[in-house]
Number of protein chains: 4
Amino acid sequence: MSPKKVNKEERRREVALACFDLIHDVGMKNITVAQVAKSAGIGKGTVYEYFENKEDIIFEIINVHIEYHHKMFLEKIKDVKSTKEKVFHFFDFVMNETEENIRHFNGYREYLSIVLAEENESMCNFNTSCTEFFQNQLKEIIEEGINNEELLPIARNFVDGIMLFEKGVVLMKMTQTSFDAKFSCEKFLNNIFEVIEKKQ
Amino acid sequence: MSPKKVNKEERRREVALACFDLIHDVGMKNITVAQVAKSAGIGKGTVYEYFENKEDIIFEIINVHIEYHHKMFLEKIKDVKSTKEKVFHFFDFVMNETEENIRHFNGYREYLSIVLAEENESMCNFNTSCTEFFQNQLKEIIEEGINNEELLPIARNFVDGIMLFEKGVVLMKMTQTSFDAKFSCEKFLNNIFEVIEKKQ
Amino acid sequence: MSPKKVNKEERRREVALACFDLIHDVGMKNITVAQVAKSAGIGKGTVYEYFENKEDIIFEIINVHIEYHHKMFLEKIKDVKSTKEKVFHFFDFVMNETEENIRHFNGYREYLSIVLAEENESMCNFNTSCTEFFQNQLKEIIEEGINNEELLPIARNFVDGIMLFEKGVVLMKMTQTSFDAKFSCEKFLNNIFEVIEKKQ
Amino acid sequence: MSPKKVNKEERRREVALACFDLIHDVGMKNITVAQVAKSAGIGKGTVYEYFENKEDIIFEIINVHIEYHHKMFLEKIKDVKSTKEKVFHFFDFVMNETEENIRHFNGYREYLSIVLAEENESMCNFNTSCTEFFQNQLKEIIEEGINNEELLPIARNFVDGIMLFEKGVVLMKMTQTSFDAKFSCEKFLNNIFEVIEKKQ
DNA sequence: GATGAATGAGTTTTCATTCAT
DNA sequence: CATGAATGAAAACTCATTCAT
């Protein structure tokens, strides 16, 4: 909490941000400390002033990366009115094929690869909290929909199912080149909403 | 003169099998060729008589591993009578907590890590075919269930959903330490069967 | 001189001959014993029945190669009548741009590379005898020319010079891509013959 | 803050120089990076701070080696007055039997071996420029001789011949143990000067 | 604080040669 | 005689981390 620590935290972010293009070019696991230093315009030794080790650097990069996308998620969902749209927005991660989202998706794929290798405990923990974040978001969306009388109370039972379905789509999209995520999601969501939407 | 020709395919399997414990101890990506050679009780150079390179070794190990489990899957499902049981069996991979299955599950986790890193094309292709194998198995189970009049024809619409749900459970179980796969699956499957099962 | 030895000598030649294309494809220094065995259609171990070691193989290949070209040289020079033509023929090695001669020239380049590396004493010795062979050929050609009264007796003084000039052209052609061997040789030889040719 | 930046070019030279004895002992192609590091009194990794790869090391060693001898050539020729002496000096490389020149000559032999193996493009190019350097030096010497009225204008026609003769002597000396370079050169040069020298 | 030069452990891969059959 | 399976020494190269300045 001392001013120094704040500064350190800031510097970590700066370095992480400076690595965005680098990550894209060479991949998360292939970056070297030398490249990080160069990208950030600092000395190799200086990197170690702010980071414990290389893992710590990758962790920070992912942190910044994902926090940004969480923020974007909240940002975008704010302006969305109907619950159905919000839930569809929840699937944006796997359905949106914009350049930006593809980059983000690929970044998450690399991240997941590291997590599955169980190479980094803090990254595993962070992944847990990310999942929980989105799980809670979905829960809130659904609850709000019930409160708004857009959804039937039964919708509550489907929160986990929807979330797990989305995870499955993530995995399929990451591993199966011919998988049509958009088609699967739309079919699934429309079916679900048949059941949970309150009819006037 | 003497027919000393060795069956390469068989030797590959033997070496791969000899690495099972090794894999468990150090992880798939961390094995060294030296360790493989030692585990198989052969020289380092001999390893290269049977494998192109280190990736090829890992690939063979995974192949043997997964083929075994495919065979086991078919074996076990043969004796199962009801369609519901068969579908539950389809979820055995994520629900079964026996020592053996946990090892298999962890093997697949490591494998997935490599696939997600997109480091090895042949492994990506192999993963694709694995997914297709199980997808087809599920399709057959459901079709059979419909033919047997155990399931309603509407069940066909749920094949993809079930498969994606399972994938989602796989991913959650791999990344979320506190996730209760068994509970989620049972709830989901019971709900599904409420809808697709033919009532007498 | 026992029949076995003769047989062995023959087998060596056979193996060497079988390697001609191989040499061309991968280069003299890069051939492996395994490739030699395969090219010759025999087992790797059998190669060692006929050759001491890898160097011995290369040596035999070069031997066969060069002997063949010595034979060709003698063959072709037989039909040549005038001394001037014979001397020009002596320069065929560096002036002839037929596919076949280019292959031969490149073979000799590789061979020289090994000799210069002083890696193989027997090859050095063999090279010495090759040089002597051609030096003697030139000497004979010139002597014959003097006897035939085509050349002046002074021509004897130029034998070494011509031979060394040819060596120089060999080296230049091997190392300088833009060197025009034909042009240099023709100019040189025409100048020389101005001086040594007997005018009627 | 402190300017610890190291002069890479200088360090390359230092390492190269430190390898002179090593080269002599084991040969240019047989040195290992480990040996280079040890000879230079640095770590193996440090070698790679200054050199791209092993070839780069060898190249630098040759560069330093040859540059030094070019410099010596120019140095020595400066003090030589008569054109004849200068041309004899041009043949110093093959005639001089001092310890130092023998080492230099052997170094060049090894170098040529690499060039002839066509293993290294930059070394081939460098060799081309070396040849051109000496060719130009000879041209200048001859032109100067003509200007000084020491040589007849006809001398111009002999530049290429002299150069190629020297190359031939180089090759002979490198491959024929019993070859008397000094004798051949002296005979040749005296004959040539009979023709090109201006008589008073 | 900042730096970047120095480091060396650790890994993959090749291939001539041997020798049991 | 012939074979080819087995071998292991040997070598290049990478890169996270340290620490003197």
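Bear in mind these aren't lab numbers, they're just calculated from the coordinates by the rules spelled out. Quick caveat: nothing in here was measured; it's all calculated off a predicted structure. We place every Cβ from the backbone using ideal geometry, glycine too, and count neighbours over all the protein chains shown.
Below, the figures for the structure above:
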{"read-out": "Taking N as its residue count, the alpha carbon Rg of the range B:98-200 over 2.2 N^0.38 Å", "value": "1.24"}
{"read-out": "Copies compared at C:Gln35 - label distances in nm, ascending, label defined 7 Å from Cα in the Cβ direction", "value": "2.5, 3.4, 3.5"}
{"read-out": "Label geometry 7 Å along the beta-carbon vector: A:Asn106 inter-copy distances in nm", "value": "3.3, 4.0, 5.6"}
{"read-out": "Cβ-placed point charges (K, R +1; D, E -1), dipole of the range B:80-196 about Cα centre in debye, nearest 20", "value": "220"}
{"read-out": "Computed lengthening from D:Thr32 to D:Lys54, 0.36 nm per intervening residue step minus Cα-Cα distance", "value": "7.1 nm"}
{"read-out": "Built amide H within the under 5 Å cut-off of D:Leu151, gap 5+", "value": "D:Ile146, D:Lys198"}
{"read-out": "Chain D, rotation onto B, residue closest to that axis via Cβ, with its distance in Å", "value": "D:Ala34, 10"}
{"read-out": "Backbone N under 12 Å from the A:Asn96 label point (7 Å along Cα→Cβ), restricted to the range A:176-198", "value": "none"}
{"read-out": "Computed magnitude of the charge dipole of chain B (debye, nearest 20; Cβ of K, R +1, Cβ of D, E -1)", "value": "300"}
{"read-out": "Proximal aspartates and glutamates relative to D:Lys76, as straight alpha-carbon distance under 13 Å, when same-chain residues fewer than 8 apart are discounted", "value": "D:Glu85, D:Asp92"}
{"read-out": "Signed unit charges on C-beta, dipole axis of the range C:129-200, positive-most listed residue C:Cys130, C:Met172, C:Leu151", "value": "C:Met172"}
{"read-out": "Value of relative contact order over chain C, rounded to a whole percent, pairs C-alpha under 8 Å and six or more apart", "value": "19"}
{"read-out": "The protein assembly as shown - convex hull of the alpha-carbon atoms, volume per residue in Å³", "value": "274"}
{"read-out": "The range C:80-196, relative contact order [Cα under 8 Å, separation at least 6], %", "value": "33"}
{"read-out": "Cβ-derived FRET efficiency at R0 25 Å, B:Thr46 paired with C:Glu118, nearest 0.05", "value": "0.10"}
{"read-out": "Listed pairs C:Lys187/D:Lys84; A:Lys167/A:Lys199; D:Lys84/D:Lys199 exceeding 22 Å between Cα atoms", "value": "C:Lys187/D:Lys84; A:Lys167/A:Lys199"}
{"read-out": "When the range B:34-192 is reduced to its Cα atoms, the Kirkwood hydrodynamic radius in Å", "value": "17.5"}
{"read-out": "If the convex hull is drawn through the Cα atoms of the range B:1-118, its volume per residue in Å³", "value": "135"}
{"read-out": "Ascending list, in nanometres, of distances separating the B:Tyr48 label from those of the other copies (7 Å, Cα toward Cβ)", "value": "1.8, 1.9, 3.4"}
